[in-house]
Amino acid sequence: MGIPKHLAAFLIFCAAGGSAFATEPPSITVASYNVLNYIRMERRVDGQTVLDAAKPEREIEALIEIITSSSPDVLGLVEMGDESMLADLQGRLKAAGLDYPHAEWVKGADEARHLSVLSKFPITSRDSRDDVSFELDGKLQRISRGILDVTLQINPAYQLRLVGAHLKSRREVPEFDEAQFRAKEAWHLRQHINEILDKSPDTNLLLFGDLNDTKNEYPIRELIGTKGTPNYLMDLWLTDSRKERWTHYWKTADIYSRIDYIMISPAMGKEVDLSKSGINDLPVWNDASDHRLIYAVINPVNQ
């Protein structure tokens, strides 16, 4: 069981010698980024089809530029490849000045694309789930990318429960209705979050990821819940330098939309600095991915 927030605050006060002007721990940045197929796959390379090609170097260089410009302390990743690909990105970021010694990688039903996290802070608990099943049209299905769930020790008195998700894409498939599949995934993800918050309402829980739907659709409404209820999640309305909110560009349909999210539990309501949070809109964003990096700045003191 975690330390109650009022007790944690008292311990910080005592450790600082009882001074009302004790220095608070520095703020941290948590980012979510769909890195667009950081995997080995069939690609067109120099006009030819290569069956097992890595993500192009120019795309990776743009990714590194975007990530380093935001300099997150915790980096949630979507569409990461296998563990060797995660290690590859981890090494490149270290060479660029961002050292993330702690990592989590989730093996879901999708054998190619995975949820991952890179962190400067220790992981004290790993509760990710790689096999969440449900029935759809009489057939047993699995959440495609599983559920990422780790607890990070940010400082001696502050823990962050980080939950990551990548719901089914909006591309139509012949096997099932993609919207119904995504709705099932969202429902099970909400149950996972409910289990955490029912057990410990004071949990500093942050949900990140590519949820592949807009805020008016059922999956997002289900995950947010009802305002004022104990398990409500606050959807952070992040903006870029032009005050625009879109996070994804679908080139085929020429549509800009917000489908990447950061949501927080009630316990974190006063701990996020929205004025410093936002969407990274460096000009190279489209060279790196069809998504933009989003980030939240957190003051890690229980309030």
Check: C-alpha center the stretch 87-129 vs C-alpha center the stretch 261-299, spacing in Å is 18
Rounded to the nearest 10 Å², the 1.4 Å probe accessible area of HIS102 is 60
Once all protein chains are kept in place, SER70 shows an accessible area at probe 1.4 Å, nearest 10 Å², of 20
Computed over the stretch 170-279, protein heavy atoms only, probe 1.4 angstrom, the accessible area per residue in square angstrom equals 51
Expressed in square angstrom to the nearest 10, the accessible area of ARG258 with a 1.4 Å probe stands at 30
Two pseudo-spin positions, 7 Å from Cα along C-beta at ARG44 and at SER84, lie apart in nanometres by 2.7
Of every hundred units of 1.4 Å-probe accessible area on the stretch 129-190, the number belonging to carbon and sulfur atoms, as a percent, is 45
Taking the chain and counting helices only, DSSP H stretches of n ≥ 4 at -39,500 (n - 2.57) each over all residues, the nearest-500 ellipticity at 222 nm comes to -7000 deg cm²/dmol
The percentage of the accessible area of the stretch 251-303 (probe 1.4 Å, all protein chains present) made up of carbon and sulfur atoms, to the nearest whole number, is 49
For the stretch 234-303, the dipole about the Cα centre with charges only on Cβ (Lys and Arg +1, Asp and Glu -1), to the nearest 20 debye, works out at 160
Along the dipole axis of the stretch 40-177 (charges at Cβ: +1 for Lys and Arg, -1 for Asp and Glu; origin at the Cα centre), the most positive-end residue among ALA157, LEU86, ALA103 is ALA157
TYR249 and SER133 label points (each 7 Å along its Cα→Cβ direction) are spaced in nm at 4.3
Over the Cα atoms of the stretch 126-178 the radius of gyration and the largest Cα-Cα distance (Dmax), both in Å, equal 15.6, 50
Taking protein heavy atoms only, a 1.4 Å probe, and rounding to whole percent, the accessible area of the stretch 58-100 owed to carbon and sulfur comes out at 42
Residues of the stretch 282-303 with backbone N under 19 Å of the label point set 7 Å from the Cα of THR23 along Cα→Cβ are 298-302
Measuring from its Cα centre, the chain shows a charge dipole (+1 at each Lys and Arg Cβ, -1 at each Asp and Glu Cβ) which, in debye to the nearest 20, is 660
Once SER241 and SER69 are pulled to full extension, the length gained, defined as 0.36 nm per residue separation minus their Cα-Cα distance, is 60.5 nm
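Return one whole number: the accessible area per residue of the stretch 78-146 in Å², for a 1.4 Å probe.
Averaged over the residues of the stretch 78-146, the accessible area is 48 Å².
The values are calculated or read from the model by the stated rules, or taken from the named source; none is laboratory data. None of the values given here were measured: they were computed from a predicted structure. Using ideal geometry, Cβ is built from the backbone for each residue, glycine included, and neighbour counts are taken over all protein chains shown. Surface areas here come from the heavy atoms of the whole protein model, side chains and all, with no ligands, DNA or RNA. Shrake-Rupley method; radii C 1.70, N 1.55, O 1.52, S 1.80 Å.
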